[in-house]
Amino acid sequence: MEIEYNEKNEIDMPISRKLDRNIEMMETLFADADDMVWKRFELERSGGRLAIYILYIDGMSDGEMVERTITRPLLYEWRGAEICKKEKDREDGNQQVDGGRDSLSKEAFHFIFHYQTESVDMKKVDNMRDVLSAVLNGDSAIFVEGQMQAAVLSSKKLPGRSVDSPKKESGLKGPRDSFIENFRTNTALLRRKIKDPKMKVRQGYIGQRSKTVYGLMYLEDLVEPDLLLKIEERLKSFTIDSIFDSGMLVHLLEEKWYSPFPQVQTTERPDKAASAISEGRVVLVVDNSPEVIILPCTLNSFFQASDDYYNRFGVATFARCLRYLAAFIAILLPGLYIAITCYYPQILPTEFLLAIVGARSDVTFPIVVEVLLMELLFELLREAGIRLPGQMGNTIGVVGGLIVGQAAVDAALVSTIVVIVVALTAIASFAIPNEEFASTFRLLKFLMIFLGAVWGLYGIMLGVLALLIHLAGMESFGIPYLMPAVAGSVDDGVEYQDYVLRKPIFTMKERPVYTQMGQRRRFRKK
C-alpha cells in the first residue's frame, strides 16, 4: 500500500470511510511489530452488520481498561442501547434518522464516544498522522466502518519509576521529591507547587522519529512575551531525528556552543523549578528526562542552592561565600601552585618553601608532571566511582584515593604537597551545587595548569582576563550572563539582594529582572 508523507516526513492521509483501507494502512505501518495488539469486531443489530477495529501497543496501554471501556460494552450492551439513538435524533433536530449502514455507523460511533467510555480524555481525530502519534504515545485508537473519524482513548500505562528523592541536588532542608522520566508526572509536580490558573503549559513534539513531548511552563502574567517568543523560535529553528533527554536539547538551545560554561540551567528539584517560574522564567519539561531546563539563567544562579531559601540568611550568605571561594580554588589552585613554585619561589615563606623542597627531595618528576599525574588520577577515580553501581562506587572513590595517593607518595612519584593541592581542588569542585557547572571548572583547571607552567603568574592573569572577557560577552536569551555584576543598574540593583549576599526574605520585595515590567512586586507588608 502506498503511504503519503509530507515535507516533515509525517503521514499526511485522511481517515477513509472504508475500514479495510484503514486496517491495511495500520498493518503496513506496524508490520513486524509484534508488540501491537489489534482486533476487528463484527457487530450485528437490526440495521445490519458493522465492523469496528481497535489497536494499541502492549506495554504502553492499559489493555484491561480498553476491554472494560470499549470491548465489553460494544459486545454485550450496545444491542439494547436505544438511548443513544434517541439522543442522536434529538441532536439532528428531531428528524428521522435514515436507516441502513450509515445510520448504524453513526450510532455506534456516537455510542462509543458519549456513553460507554469511562475515560474523560477521549477525542476525535480525522487524520492518520494524529492516530499514529496517539498510538505511539500509549493511547488506543478505535475505527468504525463508514466513519471518516477515529476515536482516540487515553489508555496510557507507561513503564516508569516512582517519585524519589533528589540524588545530585540533595539538601538538609526542603522538599524531598524530584523529577522522574514521566512528562505528565513532572508537570503535575510543578502544578502541586504553584496552584495558579495563570500557569500555562504549551506542549509540542520534537524529533522526527522519537516524537518527544516537551512543555513550556510559565506564569502568564510574569513572563516576558519576547522571552517566550525567543524560546519557541529556537525550538523551531532546527530539525533532528531524536531527542532522548533534556541534555541533548540543552546543546541545541545554547547560542555559543563552544563555550565551556552552560548557558541554560538544569535541575532535578521541583521546588527550584517552581521558584524559577515564580520569578518570570520559563521551565522546559522534556519527556524521558529526570531533569527540567530553566531559561534564562545567569552565572550567579549556578551558585544558588534550594537550601539557601530554607536556612537563615546569615547561614545562606556564608554558604554562598564558600561556594564562590571553592570556584576560585577549583580553577586556580593547581595552576597557581605550579606558577609560584616554578617561577616565583621567593614570595613563599622560608619555612613553607623548605617544606616543599623536603617533600620533593626524592621525587624525580617535574612539578608540572606531578600535578598532571595526580589530577588525571583523581579524574579517573571520579569517573570510575560514577560508573560503578551503588555503594561500590562510593567505596572506590574514597579507598582508591587514599590507597593510590599514599602509594604514589611512598613510591616517590609525587610529593605530599601535590596530593594536598589536588585533593583540595577536588573537594572545592564538589562544593559547587550544580554538577554541570562544576564540570566546567574541572576542565578549565587544566588550561590554568598549562598557562601557569608556560608563563607563570602572567599566564594565570591572562587566563583569568580571557575568561572574564568571554563571560562578559555571553547572554542567555537576552539576559547578560554576569548579571548583576554587569548591567545591574537596569533594575535599580534589585539583583544584588540575591547575589553573594542573600538578604532576609522580608527585604526581597522585588522580583528579579526576568519578570515583565509592572509585575515586579512580590512582597508587601500589611
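The values are calculated or read from the model by the stated rules, or taken from the named source; none is laboratory data. Keep in mind that this is a model prediction, so the values were computed, not measured. Cβ sites come from the backbone with ideal geometry, for glycine too, and all protein chains shown count toward neighbours. In case anyone asks, the SASA skips ligands and DNA or RNA and just uses the protein heavy atoms, side chains included. Shrake-Rupley method; radii C 1.70, N 1.55, O 1.52, S 1.80 Å.
Summary of computed values
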quantity: Pick from region 161-218, criterion touching a Pro at 6+ places or on another chain (Cβ under 8 Å) and part of a loop (DSSP other than H, G, I, E, B), ranking: surrounded by the fewest Cβ atoms within 10 Å (Cβ to Cβ); calculated: Arg176
quantity: Among residues of region 289-319, those that are of a type in the set (Gly, Ala, Ser) and within 30 Å of Leu249 (Cα to Cα), counted; calculated: 4
quantity: Which listed residue, of Leu74, Leu43, is open to solvent by less than 50 Å² (accessible area, probe 1.4 Å) and part of a helix (DSSP H, G or I); calculated: Leu74
quantity: Answer from Gly100, Gly63 - the residue that is surrounded by 13 or more Cβ atoms within 10 Å (Cβ to Cβ) and either over 30 Å from Asn288 (Cα atoms) or at pLDDT 75 or above (or both); calculated: Gly63
quantity: Region 504-522, residues that are in contact with a helix residue (DSSP H, G or I) (Cβ under 9 Å, 6 or more places away or on another chain), assigned to a loop (DSSP other than H, G, I, E, B) and open to solvent by 50 Å² or more (accessible area, probe 1.4 Å); calculated: Lys509, Arg522
quantity: Tabulated pairs, region 418-437, first over 27 Å from Gln406 (Cα atoms), second surrounded by fewer than 17 Cβ atoms within 10 Å (Cβ to Cβ), C-beta under 8 angstrom, 6+ apart or interchain; calculated: Glu435/Lys168
quantity: Filter result for the condition that a residue is touching a Leu at 6+ places or on another chain (Cβ under 7 Å) and among the small types (Gly, Ala, Ser), over Ala339, Ala355, Ala327; calculated: Ala339
quantity: Residues located in region 362-377, provided they are free of Cβ contacts under 8 Å to residues at least 24 places away in the same chain and under 16 Å from Cys342 (Cβ atoms); calculated: Pro366, Val369
quantity: Selected residue [in a helix (DSSP H, G or I) and either of a type in the set (S, T, N, Q) or out of contact with any Cys (no Cβ under 8 Å at 6 or more places or on another chain) (or both)] from Ile293, Ile277; calculated: Ile277
quantity: Condition met for Tyr258 (surrounded by 15 or more Cβ atoms within 10 Å (Cβ to Cβ) and either within 18 Å of Glu291 (Cα to Cα) or not small (Gly, Ala, Ser) (or both)); calculated: no
quantity: Any hit, region 221-236, residues being of a type outside the set (A, V, I, L, M, F, W, C), open to solvent by 60 Å² or more (accessible area, probe 1.4 Å), part of a loop (DSSP other than H, G, I, E, B) and out of contact with any Asp or Glu (no Cβ under 8 Å at 6 or more places or on another chain); calculated: yes
